[in-house]
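**Q** After the structure tokens below, expect a handful of questions from me.
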Amino acid sequence: MAEATAAADLDPAAIAALKHVGLVGGLTETKVSCAALGDRLDASTQTASRRLQSLESAGYIERDVVGDGQWVRVTEAGEAALRAEYADYRRLFETDVDLVLRGVVTSGMGEGRHYITLSGYAEQFRSRLGYEPFPGTLNVDLSEESVRRRGELTGIDAVPIDAWEDDDRTYGAASCYGVTLVAGDERYEEVHAIVPDRTHHDDDQLELIAPERLRDALALDDGTEIEIRVAAAERADDTATTAVETEVA
């Protein structure tokens with residue numbers, strides 16, 4: 001839950017350029033001319049060049065400019081952005097679509113315990129998640145494939161945790177995604193993946209919270225392989241509000 005600088009967001013025009021680069025083979029490496037890209041985007045050569053420069057500055061592509069064009073490759077960050085777009089379209093046209101991530105349990109730095117117990121977060125967890133999390137997080141090292149798919153999280157409804165401040169500092173916002181955690185034949189359903197808006201963790205790490213210590217509840221050790229089934233999450237306080245309104249009506 002520690003904070004750092006957030007990655008730059010892509011605007012729709014840049015996403016369109018990124019998609020076209022990927023479609024012509026840029027998830028590996030491909031040669032791209034600004035004139036051809038401009039034709040695909042119905043834009044000028046200069047505009048296509050600026051969009052490639054913007055994508056490179058944001059870290060979504062790598063490129064090597066040569067005499068008759070440029071070699072371009074979509075980075076892991078760029079692929080994650082494309083996967084997030086893909087997840088949005090799946091939600092639009094498909095039903096009952098969940099995201100399944102896989103990884104292994106690992107030891108964290110102990111920071112999760114500190115942040116989870118801070119009053120500004122703890123009060124929101126109780127009201128919005130409907131439980132008081134165990135004071136600590138379960139840290140997961142995601143598999144290579146799951147790191148690539150992690151970007152799809154942004155297309156799934158999450159419970160927002162707002163930023164707040166005390167006398168000393170400001171604490172950042174986060175999103176809590178509903179999770180069913182599976183380890184072998186055992187499963188635990190009341191779990192949330194907590195993803196800070198700003199974090200120093202790499203994309204290959206994910207933190208999970210639950211009412212109990214998940215290591216004890218599922219007999220997990222470092223290196224245990226687990227499956228994280230992500231689905232849309234709802235706020236517990238929204239449900240309570242709806243119930244009250246129904247009773248009044």
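**Q** As an exercise, find the ratio Rg/Rh for segment 33-158 from alpha-carbon atoms, using the Kirkwood inverse-distance average for Rh.
**A** 1.13
**Q** How big is the accessible area of E234 in square angstrom, nearest 10, if you roll a 1.4 angstrom probe over the protein chains?
**A** Here the residue's solvent-accessible area equals roughly 150 Å².
**Q** Note the angle between two axes, namely the Cα long axis of helix 12-21 and the longest principal axis of the Cα atoms of the chain, as a number of degrees from 0 to 90, rounded to the nearest 10.
**A** On a 0 to 90 degree scale, this one is about 70.
**Q** Moving on to the next point. Carbon and sulfur: what percent of segment 60-182's accessible surface (1.4 Å probe)?
**A** Taking all protein chains in place, segment 60-182 shows 45 percent carbon and sulfur surface.
**Q** Can you give the accessible area of H114, probe radius 1.4 Å, in Å² rounded to 10?
**A** Estimated to the nearest 10 Å², H114 gives 100 Å².
**Q** In addition: From zero outward in steps of 10 Å, how is the percent of C-alpha pairs of the chain spread across the bins?
**A** 7, 27, 29, 21, 12, 4, 0, 0
**Q** Arrange the residues R63, R213, R40 by how much accessible surface each exposes, largest first, with a 1.4 angstrom probe.
**A** From most exposed to least exposed: R40, R213, R63.
**Q** Order D168, D11, most accessible first, counting only protein heavy atoms with a 1.4 angstrom probe.
**A** So the residues, ranked largest to smallest area, are D168, D11.
**Q** What number, rounded to the nearest 500 deg cm²/dmol, is the helix-based mean residue ellipticity at 222 nm of the chain, given -39500 (n - 2.57) per DSSP H run of at least four residues and division by all its residues?
**A** Value at 222 nm, helices only: -10000 deg cm²/dmol.
**Q** Same structure again: Multiply the residue separation of H114 and V100 by 0.36 nm, subtract the distance between their alpha-carbon atoms, and state the gained length in nm to one decimal.
**A** Fully extending the segment from H114 to V100 adds 2.2 nm.
**Q** Order W71, W164, most accessible first, counting only protein heavy atoms with a 1.4 angstrom probe.
**A** The ranking, largest first, comes out as W71, W164.
The values are calculated or read from the model by the stated rules, or taken from the named source; none is laboratory data. Quantities reported herein were computed from a predicted structural model and do not represent experimental measurements. Heads up: the accessible areas ignore ligands, DNA and RNA and are worked out on the full protein's heavy atoms, side chains in. Shrake-Rupley method; radii C 1.70, N 1.55, O 1.52, S 1.80 Å.
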